[in-house]
Amino acid sequence: MADVANKYAENVPGKFYVDDQCIDCDLCRETAPANFKRNDDGGHSYVYKQPETLEEDGLCKEAMEGCPVEAIGNDGT
């Protein structure tokens, strides 16, 4: 389960985030490309835009549920 204390600094403020367990598998970026990007230097994903529509929110939730290492969190704010 993702840990808000270990989230990457690049994550924009909001409920979704990626923490340091990310293995750069690309699933979240393929599932919700409008919300996740890759940090090329660090080799991990991060949330660059919080969802603004119900569709984006659903895709972020799908990415979180599909993450093989549970590196995506939702703190509910």
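Read-outs throughout are calculated quantities, based only on the coordinates presented, and are distinct from any laboratory measurement. None of the values given here were measured: they were computed from a predicted structure. Here the Cβ positions follow ideal geometry from the backbone for every residue, glycine too, while neighbour counts run over all protein chains shown.
Of all residues in region 49-77, those that are more than 13 Å from Phe36 (Cα to Cα) have Cβ atoms under 6 Å from Cβ atoms of residues that are among the aromatic types (Phe, Trp, Tyr), 6 or more apart or on another chain, in Asn74/Phe16. Which members of region 33-61 meet the condition of being of a type in the set (A, V, I, L, M, F, W, C) and more than 19 Å from Met1 (Cβ to Cβ)? Passing the criteria: Ala34, Leu54, Leu59.
Taking region 49-68 as the range and being surrounded by fewer than 16 Cβ atoms within 10 Å (Cβ to Cβ) and either within 19 Å of Glu10 (Cα to Cα) or of a type outside the set (Gly, Ala, Ser) (or both) as the test, the residues that pass are Lys49, Glu52, Thr53, Leu54, Glu55, Glu62, Glu65, Pro68. Taking the criterion of being in a loop (DSSP other than H, G, I, E, B) and over 10 Å from the mean Cα position of the chain (by Cα), the residues of region 34-55 that qualify are Ala34, Asp40, Asp41, Gly42, Gly43, Pro51, Glu52, Thr53. Find the residue count for region 11-43, including only residues that are in contact with a Lys or Arg (Cβ under 8 Å, 6 or more places away or on another chain), surrounded by 19 or more Cβ atoms within 10 Å (Cβ to Cβ) and over 11 Å from Leu59 (Cβ atoms). Looking only at that region, the number is 3.
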